[in-house]
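Asks: I have a structure here, written as structure tokens, and I will follow up with some questions on it.
The values are calculated or read from the model by the stated rules, or taken from the named source; none is laboratory data. These numbers come from a predicted model, not from an experiment. Neighbour counts run over all protein chains shown; Cβ positions are idealised from the backbone, glycine included.
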Amino acid sequence: MKKLILILMLATMATTVISCRETTQEKTEEALESIGEDIETNTKKAAKKIEEGAEKVVKEIDEEVHKTDDVNGEEAADDLN
């Protein structure tokens, strides 16, 4: 009888450990997917900001080349921002 109880307890513990391992694996996979989505979203945002900055640089260079950057000897208002 003691052996039967011991075997049942071990079987229960083994089942519990396996279930926990599968749950942990699922949660880890979900977390990795979420991290991947965050990376993708933030990369797109960063690329957009870089593109906007590059456009401003091109505009500033064009203004300097064509001498349209100064207004009455003072910097243009858009340079102050």
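Asks: Are there any pairs with C-beta distances below 7 angstrom linking a residue in the stretch 28-39 that is at positive phi and exposed (fewer than 10 other Cβ atoms within 10 Å of the Cβ) to a residue that is assigned to a helix (DSSP H, G or I) and small (Gly, Ala, Ser), with the two at least 6 apart or on different chains, and if so which?
Replies: So the pair list comes out empty.
Asks: Would the stretch 13-28 turn up any residue that is assigned to a helix (DSSP H, G or I), of a type outside the set (Lys, Arg) and at pLDDT 85 or above?
Replies: yes
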